[in-house]
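Input: a single structure, listed below in structure tokens.
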Amino acid sequence: MGSGPSGWAAAQRLVELGIEVDVFSADVSPNDNSSETHAPKNFKINRKLFKGSDYPYRLFPTGPKISQSEVEVVTSFAQSGLSLVWGATMLPYQKHDIGNWCITDVDLESGYKWICSKVPIAGDIDRLVGDFPPYISHPPLLPSSRILSFLEKASKANDKNLTTGASRLAVYSVRQEKEGCLYCKQCLLGCPIDLIWKAPQIVGLANYFGGLRVLSINTMEKKHQLKVISKDGNVFTFGSYERVFLCSGPVESFRVLSTSNFVSPNAVLLDSQTFFVPILISSKYGKPDLEAHTLSQAFCYLKEGLKTKSQLQIYDYSDDLISRVYQILPITRILPMWLLKKILQRLFVGIGYLNDGDSAKILMQLNKEGHVNLSLEGSSGKSAKMIVKSMVRLYRRKFYRLGLWPLTFLTQIALPGQGVHCGGWLPMGFKSDRLGQPNASQGIHVLDSSILPSIPAGPITFTVMANAVRIIEELYE
Amino acid sequence: MRVVVTGSTSAIGKKIIQLLKSKGMSVIELGGKNSELWRLGRPLPKDLQADTLIHLAHDRKLSLEENNTAIDLLVESFKGYKILISSLSSHSKTESKYGLSKRYAEERFLEKNGVCLRVGLVYGTLTGGVYQTLRKSISKFPVLPLPFDGKPRFFFSHIDDLTSEILHFVQTKQRGLVFAANYWPHSLRDIVERLAQDLGRNCYLIGVNTATTRLLLKVTKLLGIKVALLDSLKSLEHEISNSELGALQIPNTRFRSFNEELWI
């Protein structure tokens, strides 16, 4: 179930191992205009669109509904899922951040390496390698001169609690299978020549059943049947499968398992709190480059002891920032464009993440009608906001001597779930085994972020994909 | 296999000759001011029997026209497979004499189905080259000016990676325009600071801003001063663009990061 990064990785690996695979994907397409959009409305950070279309966020037109209160968990029913609109950051979790998991970084190694052989991971050997093994398959995207200068200064500062390095991105950076980056600054609008990796189409790889949403799984004599609903509301029953792999994201996985009575109808979804902070830079950094990429350019890890406290991804100026500023500070519309641009060109933009332990928690409930309600658990949101503020102050202290000043008063705190780093409601070693099987089931495996025992600050996709591959390989063995 | 190497007395030349010989290849060494067989500006001897030419020689004292004529003579007088060791300063915006002459050479080599390796700042176990000159300057002078505020970026090519890349082309005879360096750039300021630290020197660095550097270049041009250093300075004025870099063929060899030398 699912055609996003983990679904593609699982299907591809299974096919490679000679196993027959049927893939079910909701496959909401750009033509499905009738379905309701889920693109968050009140998030002050613009939601990325896919070449001008919001179809990656559109809900499936039929079947159970998802309602949300005080949270905004982003789900995708499109083929390739949220990888259509992601930031393409690809970094493994560092071993100290997964110290409480029932698996180790060594268990994940073969999964990381397999992904690395299939996905273009552009990056460089730099200070990050101390904590994050260099699973790199492509040369790095060239940094802007200002980011290069920042990274060089940060490297010389040699701060024990702040690790900085070049971003690692799933991008075809140089002319190889594809043309190579043109540095046209269009990344955030959707790369015009499709150099940003997205989960490849599964059609042709396995038996593909698009336009179907799984409602539930029925198990009889160790065989599993899927009850599915089509876009026009017809319900079918499919197959007799030995194993079912759920890769449809934490909310859909919860709904299916809960509807099928494999898990309780209540669960707590972990989130990595996301925030957005503009950073004023010293005039010594100079003007933005004419040619640049506009994805994340630098990763900063704030550490407490060996563990990561927060991760900040730094972006250089791009014209996209103008519309963001209009949203945050509508009064800026009165400024002439040249003046606004001049001001904004003195900024970097930081998108930060906290650990799940410091973030709000989301309550998922399945009601009697089979719909899912998502809401904020207790007062966890308030404490997360306090932590974000203290974290930004900490970054300000660290960045001061590098000629960077995070503008704390302009910090935007995302609603829980908006950062798309959610999961952990069915943790391995606790509510599921190391093969992602919920305790009450056999032959049903969850391979998406639902089974991560925690959500450390930082990119999540690489580890989710590597874990999916690990489970497939362990099962095969 | 017989390989002709021009500029055989250069630091890179010596290394590549050593490597080719270790692989059992027969090498004809051409170059050096006292070479009786061939000098830059003359055609290759007619009786020269070789499969491959590796062209490293360059004379900064020759004018652009003289350099171009030398390339024409060389290309026309050798019929086998040709490898040009070019430079990342031979990009489309270059105005330096060195960059322009390398660019012309690239055009001629590509016309004749050769390969051109655009090399960065070569470092490693070398006895000469720009990198060593930079090291020597840092260990010699307590104060160093940084043109263009130390912002020009450099890409690095480790000598061992470069020679194995050259060997790859000698063996495969592939064609194209290849990026023969590590992809992560370093600013001039960063390089000088790192080298100073490595040498245990406490250099005082003075950033000369872009306007002043350009003014200096104009004044020297008006005064008709012709020094190789000024041409190098001119090559820093315009950098190879990111898109032009991205369009180059990727190397077969994984060029090690300059960082790896420092941190790993």
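The values are calculated or read from the model by the stated rules, or taken from the named source; none is laboratory data. Source: prediction; values computed, not measured. Heads up, the Cβs are rebuilt from the backbone with ideal geometry, glycines too, and the neighbour counts pull from every protein chain shown. Side chains included, ligands, DNA and RNA excluded: accessible areas come from the protein's heavy atoms. Shrake-Rupley method; radii C 1.70, N 1.55, O 1.52, S 1.80 Å.
Of all beta bridges that DSSP places with both ends in the protein assembly as shown, some 55 percent have antiparallel geometry. Between the range A:125-188 and the range A:322-389, what's the alpha-carbon centroid distance in Å? Answer, in whole Å: 25. Between the amide H of A:F50 and those of A:Y55, distances stay under 5 Å, these residues lying 5 or more places away or on another chain, with hydrogens modeled in the peptide plane. Mean-square fluctuations from a GNM of chain B, with a 10 angstrom spring cutoff on Cα atoms, peak among B:F179, B:F109, B:F141 at B:F141. Given the DSSP H assignment, sum -39500 (n - 2.57) over each helix run of at least 4 residues in chain A and divide by its residue total; what's the result at 222 nm in deg cm²/dmol, nearest 500? That calculation yields -6500 deg cm²/dmol at 222 nm. Only protein heavy atoms count here; under a 1.4 Å probe, B:L223 has an accessible surface of about 120 Å². Shape analysis of the range B:174-264 places it in the oblate category; the axes a ≥ b ≥ c from the Cα gyration tensor give an a/c of at least 1.5, with a/b not above b/c. Only protein atoms count toward the accessible area here, which uses a 1.4 Å probe; on the protein assembly as shown, the carbon and sulfur part of that area reaches 53 percent. When you restrict to C-alpha pairs under 8 Å that are six or more residues apart and normalise by the size of chain A, the relative contact order lands at 24 percent.
In this view, the solvent-accessible surface of B:F169, computed with a 1.4 Å probe and all protein chains in place, comes to about 0 Å². The orientation-averaged projection of the convex hull spanning the C-alpha atoms of the protein assembly as shown amounts to 35.3 square nanometres. Accessible surface for the range B:4-116, divided over its residues, is 47 Å² per residue with a 1.4 Å probe. When A:L195, B:L177 are compared by accessible area at a 1.4 angstrom probe, the order from most to least is B:L177, A:L195.
Contact residues in the range A:106-149 (at least 10 Å² less accessible area with all protein chains than alone, 1.4 Å probe): A:D124, A:I125, A:D126, A:R127, A:V129, A:P139, A:P140, A:L142, A:P143, A:L148. Chains B and A together bury roughly 2200 Å² of accessible surface, counting both sides and using a 1.4 Å probe on protein heavy atoms. Accessible surface for the range A:306-380, divided over its residues, is 46 Å² per residue with a 1.4 Å probe. Pairs from the table (A:K287/B:K140; B:K151/B:K218; A:K284/A:K307) lying more than 31 angstrom apart at Cα are A:K287/B:K140; A:K284/A:K307.
Taking all protein chains together, A:R401, B:R108, A:R255 sort by accessible area into A:R401, B:R108, A:R255, largest first [probe 1.4 Å].
When only the Cβ of Lys, Arg, Asp and Glu is charged (+1, +1, -1, -1), the dipole of the protein assembly as shown relative to its Cα centre reaches about 2520 debye. Cβ-Cβ distance of A:E221 and A:E477, R₀ of 25 Å, FRET efficiency by 1/(1 + (r/R0)^6): the value works out to about 0.50.
Modelled this way, with points 7 Å down the Cα-to-C-beta line, the labels at A:S110 and A:L280 are 5.4 nm from one another. The residues A:T237, B:T210, sorted by heavy-atom accessible surface at 1.4 Å with ligands and nucleic acids left out, run A:T237, B:T210 from largest to smallest. Measuring with a 1.4 angstrom probe and ignoring ligands and nucleic acids, A:Y476 comes out at about 130 Å² accessible. Of the residues in the range A:175-206, those shielded by at least 40 Å² of accessible area once partner protein chains are present, compared with the chain alone at a 1.4 Å probe, are A:R175.
Each Lys or Arg adds one and each Asp or Glu takes one away; over the other residues whose Cβ falls under 12 Å from the Cβ of A:N161, this sums to +4.
How much accessible area per residue does the range A:104-248 have, counting only protein heavy atoms and a probe of 1.4 Å, in square angstrom? Each residue of the range A:104-248 exposes 42 Å² on average to a 1.4 Å probe. Length available on full extension from A:L205 to A:D159: 0.36 nm per residue minus the Cα-Cα distance, which gives 11.9 nm. In the range B:150-197, comparing the full protein assembly with the chain on its own, the residues that lose 20 Å² or more of accessible surface at a 1.4 Å probe are B:K151, B:R153, B:Y183, B:W184, B:P185, B:S187, B:D190, B:E193, B:R194.
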